[in-house]
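Data first, discussion second: the structure below is written as structure tokens.
The values are calculated or read from the model by the stated rules, or taken from the named source; none is laboratory data. Just so we're clear, the structure is a prediction, and the values are computed from it rather than from any experiment. Backbone-built Cβ (ideal geometry, glycine too); neighbour counts: all protein chains shown.
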Amino acid sequence: MNLRTPALLAACAALLTGCATKDFVMEKIGMSETATKKYVDGVATDLNGRIDKVDEASQTRVNALAKDLDGRLSAQQAGIDSASRTAQEALERANAAGKLAAGKFLYETTLTSQIAFGFDGNELTDEARKALDDFAARIKAENKNVYIEIQGHTDSTGPEYTNLKIGEQRAEAVRRYLAVHHGFPLHRMNVISYGESAPIASNKTREGRAQNRRVTLVVLQ
């Protein structure tokens, strides 16, 4: 027997073993790559699904908020549209002066001469005080941070300049009463006189002139 034969056999065995081990390792690596790819694909699919759900939920919330905002704006616009011209002007003035938190018109209340003032006077009657007491109680009950424009109006009797002064005096009388008797802060109220320039009735009749002699309180927020 040739002495080199065992060595040659051992070398061949080692070579064959090495080839088998390499094939086994490669097979395991291939399985690992396949499993890893499958796992990664699964994670990606799950993540995309979650993102889609988040996007859908976010879009639903955005749509709900947009719908709510549209509703509020529509309601506010309806309130503004129903307000008098002078109330709309009050809102514009207050917004321009930066007096409002929400830029909203809430409502307006008018005191006519039957309960407020005589022909050329500016003294509040008992009926006018009662009306202002009710107005103040409503403001306090609503507990809102409001801004009030107090507008003085007159009929067309007498000179225009005189009517402007009378309108201002009437509005100031109302502001003073709300400040002194109900603690309304002066910086949250403003007075303006329209004089005879914004009638709500004909100045040709006694009844119409009585309606035009009035004070209007415009409540804004």
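Observations on the model:
- Among the residues of segment 177-210, those that are within 35 Å of the chain's Cα centre (by Cα) and of a type in the set (S, T, N, Q) comprise 190, 193, 197.
- Verdict on residue 132 being surrounded by 14 or more Cβ atoms within 10 Å (Cβ to Cβ), out of contact with any Lys or Arg (no Cβ under 8 Å at 6 or more places or on another chain) and assigned to a strand (DSSP E or B): no
This table checks each residue for (1) under 16 Å from residue 216 (Cβ atoms); (2) of a type outside the set (S, T, N, Q).
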residue	(1), (2)
141	no, yes
150	yes, yes
154	yes, no
157	no, no
183	no, yes
189	yes, yes
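- Residues of segment 135-155 that turn out to be outside any helix (DSSP H, G or I) and out of contact with any strand residue (DSSP E or B) (no Cβ under 9 Å at 6 or more places or on another chain), as a count: 3
- Pick from segment 164-221, criterion of a type in the set (S, T, N, Q) and farther than 18 Å from residue 148 by Cβ, ranking: surrounded by the fewest Cβ atoms within 10 Å (Cβ to Cβ): 205
- Take the conditions (1) in contact (Cβ under 8 Å) with a residue 60 or more places away in the chain; (2) over 19 Å from residue 127 (Cα atoms); residue 213 misses just one of them, which is (2).
- Every residue from segment 174-213 that is part of a helix (DSSP H, G or I) and at pLDDT 95 or above: 174, 175, 176, 177, 178, 179, 180, 181, 182, 186, 187, 188
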